[in-house]
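One structure is given below, encoded as structure tokens.
Read-outs throughout are calculated quantities, based only on the coordinates presented, and are distinct from any laboratory measurement. Since the structure is predicted, the reported quantities are computational estimates derived from the model, not experimental observations. When we count neighbours, we look across all protein chains shown, and the Cβ atoms used for this are built from the backbone with ideal geometry, even at glycine.
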Amino acid sequence: MLSWPVAILIGMDVPVAGRDYPGTLREFNAWFPDDQACLGYLAGLRWPGGFVCAVCGGDRAWRMGKGRNLRCARCRIDHSVTAGTIFADTRLPLSTWFQAAWYVTGTKHGVSALGLQRLLGLGSYETAWALLHKLRRAMVRPERDPLAGELEVDETAIGPSKPGKLGRGTFADKAIVAIAVEARPRGACGRVRLARIPDCSAPTLTEFVGGAVAPGAVVYTDHWRGYDGLVAAGLVHMRTSIAASGDPAHVVMPRAHRVSSLLKRWLLGTHQGATRPQQLDFYLDEFAFRFNRRSSRQRGLLFHRLLEQAVQIDHVPIAAITGGRP
Ligand SMILES: [Zn+2]
């Protein structure tokens, strides 16, 4: 008889290093010597329960020569493994995508476009840049679970600082990022959700918190009036203030403050602050992807998750990426 934790593990089908994804660079190189090997891996992610023909329901298929198609053994119709994914209509070899995904997920702080261009010997900076941005598009799980429990919510401004101003007075001409982070005991952080927001008004902040947080969650904020609408949105709202602590060095939202510092350091460190405001969303996605999986001891699992999401999301034309999100 199975004890219940084992049964739950089987039910969740947790991927295993060495079986479901490469655990080491040596394994990575052995698993993915060419594009056909990469295509087989993507097919496995696209049809995790085995191939099922969308036309006739047949469950057997043949790999077609050098292309990216599987041909249904029953109705003989071809199905592209990469159509509708970030790998569609790319001229880069799949093995290059896989190497990029491995580097992006295998390093603690990720890699810049220039760094990736050098690592993979890519022909142009633009190619490396577009490749990274497409991978970032796959870093957000569309059906991701809302944050729950106790949370800290705050905003931060990204951009060069101007002297002489304090608090939200420094936000003019900068990109504003809303931060929601799960508060774990002893000052620890749980998962994080980030979004670029147009302003710190009540409608904007209520929409952000409402979209990031499960109903019934307990949300801690400072005394900013922009958070006045949270109770009406079905959340438990707690306000804290610097004055109440009596400690001038005290930070009101220590976890949100830490996330803000890490985010700024990452943007400046890995990307040398070279992020354009309209593309900041994609960097926030990458930061959250890393942060929310920071305790994962298996970096290969991040690679697996990234490719898993990459074959699930809709194909994004490059114009939509250079233009940023609406
Ligand atoms: Zn068929």
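Decide, for segment 2-131, between rounded, prolate and oblate: order the square roots of the alpha carbon gyration tensor eigenvalues as a ≥ b ≥ c, take rounded if a/c falls under 1.5, and otherwise choose prolate if a/b is larger than b/c, else oblate.
oblate
If packing is taken as the average number of other Cβ atoms within 10 Å across a peptide's residues, how do 38-49, 229-240, 130-141 rank, most packed first?
Answer by packing, highest mean first, reads 130-141, 38-49, 229-240.
Hey, rough spin-label estimate for ALA214 and ARG186, points 7 angstrom out along Cα→Cβ, what's it come to in nanometres?
In this crude spin-label approximation the distance works out to 2.4 nm.
Given the peptides 178-191, 145-158, arrange them by the average over their residues of other C-beta atoms within 10 Å, most packed first.
Going by the mean number of other Cβ atoms within 10 Å, highest first, we get 145-158, 178-191.
For labels at ASP78 and VAL14 in the simple 7 Å Cα→Cβ model, what's the distance in nm?
4.1
What length, rounded to one decimal in nm, is gained on full extension from CYS56 through to LEU114, with 0.36 nm per residue of separation minus their alpha-carbon distance?
Taking CYS56 through LEU114 to full extension adds about 16.3 nm, to one decimal.
Using a basic spin-label model with each label point 7 Å from the Cα along Cα→Cβ, how many nm lie between TYR125 and HIS223?
Here the modelled spin labels are 4.7 nm apart.
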